[in-house]
1. For residue 298, state whether it is open to solvent by less than 30 Å² (accessible area, probe 1.4 Å), among the hydrophobic types (A, V, I, L, M, F, W, C) and closer than 25 Å to residue 190 by Cα.
2. Just the residues that are modelled with pLDDT of 95 or more, assigned to a loop (DSSP other than H, G, I, E, B) and either small (Gly, Ala, Ser) or farther than 19 Å from residue 348 by Cα (or both), please, taken from region 186-220.
3. Cβ-Cβ distance below 6 Å, separation of 6 or more or different chains: which pairs start in region 313-337 with a residue that is of a type in the set (Phe, Trp, Tyr) and end on one that is in a helix (DSSP H, G or I) and at pLDDT 95 or above?
4. Between 305, 309, which is within 26 Å of residue 173 (Cα to Cα) and touching a Gly at 6+ places or on another chain (Cβ under 6 Å)?
5. From the residues in region 149-172 that are in contact (Cβ under 8 Å) with a residue 60 or more places away in the chain and open to solvent by 20 Å² or more (accessible area, probe 1.4 Å), which one is nearest to the chain's Cα centre (by Cα)?
6. Mind listing just one residue for me: the one in region 22-35 that is of a type outside the set (Ser, Thr, Tyr) and open to solvent by 10 Å² or more (accessible area, probe 1.4 Å) and, of those, nearest to the chain's Cα centre (by Cα)?
7. How many residues, within region 36-59, are open to solvent by 60 Å² or more (accessible area, probe 1.4 Å) and under 18 Å from residue 193 (Cα atoms)?
8. Among the candidates 212, 204, single out the residue that is without any contact (Cβ under 8 Å) to a residue 40 or more places away in the chain and over 21 Å from the mean Cα position of the chain (by Cα).
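The values are calculated or read from the model by the stated rules, or taken from the named source; none is laboratory data. Remember, predicted model here, so these are calculated numbers, not experimental data. Every residue, glycine as well, gets a Cβ built from its backbone with ideal geometry; the counts of neighbours run over all protein chains shown. Areas reflect the complete protein model, heavy atoms only, side chains present, ligands, DNA and RNA absent. Shrake-Rupley method; radii C 1.70, N 1.55, O 1.52, S 1.80 Å.
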Amino acid sequence: MKRTIYLMAPSNFFTGGPLAIHQLAFILKKISNFDIKIYYSPKIKTNPIHKEFKKFKLKYTFNINENENDYIIIPEHYPALNEALKFKKIKKIIWWLSVDNYINSKFRAENNRFLRAIIKIPYFLIYFLNKITFFLFGILTLKDYLKIYYSLYNFNSFNELKQSNIHITQSTYALDFVKRNITKIKTILIGDQQRELYLKIYNKNKKKILKKKENIVSYNATKSNEFIFSIINYDKNIKFVPIRGLTVNQMTNLLMKSKIYLDFGYHPGKDRAPREAALFGNCVITNLKGSAAFYDDISIPSNFKFKEKFHNLKKINRLIHSIFKNYPKYSRKMTKYKNKILNENKNVTEQVKNLLKLLK
């Protein structure tokens, strides 16, 4: 009888995480001898397949007939891990698409009363605390405080993590985290693939991308913090354009025009946004949080990465003006990163083959 690999995903929901899950399922369907099914949760009456995932033509189910020879791949989102505890026979694999997502979702699930208490704290006190940390330590967000909080715990004691001895990580950042915090497990790195539509747009325009550049800085507005706005306010003569609520064509048109892409988010995994920006000829500048601290995840020179401290505002401003004045020179510093991105789809397939060797 053919063995099955189930991949757990949220019903009719689209973000980078579920996209990576469906991409992995599609690769497994092509190169493995397993029967591949998406296990959607929660069970809904309508079609659980988001319109963005219909092209993969994957089988799905709301129920799992447990067999000890089958596997289920579970994303690190705490509610998903907690739900998977009900399965007793099937072999389990945890996929760390995001370190921060696990920590944040676990905290929210287990500390609802505490969260309600935090909301009652006057906003100006939090704002004042952030101002102090900005000058002394850099900006600390709630996610940073939660990482400090959970660093006091023994992750080997968490039931939701003890249910699997095979852990996949999407980033070197996650691989480092898992190896440092969880013992007696097998780990394997499997990245994600570039979106086909972005690659098609890139291939269509690659000969003219470098000729269309303007003195524009695009920035990730959905995952930004106060430090980004400090950079923007530091020099009113620079044109900053936020990336928020844009269609694919609007976003790629902006990235083909801008010379620089800033991302001072928390980088919970190997983010797509910096890779897509580099693909379209942007010099990428980031902080040193999450995956941005790891060269294998964001492969740009170290002088393009900054701690979120007040004294670095001047250095970042100088770098921006230098790139504007001598863009061809600086764009060449992104060549290695760009080539790595263009080879990702091929590399991910090889990484999946390594996973299959573990499942024989």
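1. Yes; evaluated as a whole, the condition is true for this residue.
2. 213, the sole residue that qualifies.
3. From region 313-337, the pairs are 330/323; 337/278.
4. Details: 305 fails: touching a Gly at 6+ places or on another chain (Cβ under 6 Å).
Answer to the check: 309.
5. Here the residue is 172.
6. Checking each candidate, the answer is 23.
7. Residues in region 36-59 being open to solvent by 60 Å² or more (accessible area, probe 1.4 Å) and under 18 Å from residue 193 (Cα atoms): 4 in total.
8. After applying the criteria, what remains is 204.
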